[in-house]
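Please read the structure below before turning to the comments.
The values are calculated or read from the model by the stated rules, or taken from the named source; none is laboratory data. Owing to the predicted nature of the structure, the values given are computational and were not obtained by experimental measurement. Virtual Cβ from ideal backbone geometry, glycine too; neighbours counted across all protein chains shown. All accessible areas refer to the heavy atoms of the entire protein, side chains included, with ligands and DNA or RNA removed. Shrake-Rupley method; radii C 1.70, N 1.55, O 1.52, S 1.80 Å.
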Amino acid sequence: MKNWNIGPRIALGFAAVIAIAITLGLFAYSRVAAIDERANEITMNALPIVYMVGQIQNHAESEFVALLRHAGSRDGAEMARLESEIEAGRATNARIREAYQKLIHTDRGRELFEVTKAARVPMQASFSQVLELSRTGKKDQAQALLNRELIPLFQKYEEAATALAAGSKEASDASGGEIRSSVGNAKTGILVGLALALLVAAGIAAVITRGITEPLRKAVELIGGVSQGDLNNKAEVQSR
């Protein structure tokens, strides 16, 4: 490159700057794509899952409260209304569980869901037995079964549902952490790329400047030498 003229040097300089700009742009695009992916993961998956788990817990607790009131009531109209609430809550929870299951995409999420599902089966069976006893007027038996069996089963189900909610929140937090990491990496990469571009640009400018000034200096020296030679020749002629 030492023997190159100014044209190739300028072309090489522009090529180097363009290469750095393209590399920096591709890096920034990859980071933005990663951020977009994680943001979609949170908005389309993690947050809906957290919301659904909360709804499942709320409906289950509402059903349990309605059953307690049913077991303690002897008013036919009130019991019928409570049964309607329980059935509506069950139907809603069934739809939410179905939608939730479609969103699960991690082994941990599936594992926690299966644990919750396994805890729900005996709880619901006991729930239905208590409801049937209460519906047929066997309130004492309903209360006894509720205290002896259903409450412990419901507590076990609540623990599983709470673990499911915690796992869903952890997945959401992890996605948020990856977004923060991608943003931090993007900032660092862009700053490093800009610093590198400035250094390369400064180096290219120095090379181009040197490539211009050195020939000019030699040309000036050559012109000065030629001028000095002409002056000497004139002086010799005049002295003759």
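General observations
- Residue check, ARG81 farther than 30 Å from LYS169 by Cα and either of a type in the set (A, V, I, L, M, F, W, C) or open to solvent by 20 Å² or more (accessible area, probe 1.4 Å) (or both): yes
- For region 26-60, a residue qualifies if it is free of Cβ contacts under 8 Å to residues at least 40 places away in the same chain and charged (D, E, K, R), and the qualifying residues are ASP36, GLU37.
- Number of positions in region 85-134 that are touching a residue at least 12 places away in the same chain (Cβ under 8 Å), of a type in the set (S, T, N, Q) and open to solvent by less than 60 Å² (accessible area, probe 1.4 Å): 6
- Counting the residues of region 171-189 that are touching a residue at least 12 places away in the same chain (Cβ under 8 Å) and either under 17 Å from PHE113 (Cα atoms) or not hydrophobic (A, V, I, L, M, F, W, C) (or both) gives 8.
- Residues that are loosely packed, with under 14 Cβ neighbours inside 10 Å, at pLDDT 90 or above and on the phi < 0 side of the Ramachandran plot occur in region 156-163; there is at least one.
- Residue count, region 134-144 (criterion: among the hydrophobic types (A, V, I, L, M, F, W, C) and under 11 Å from LEU67 (Cβ atoms)): 1
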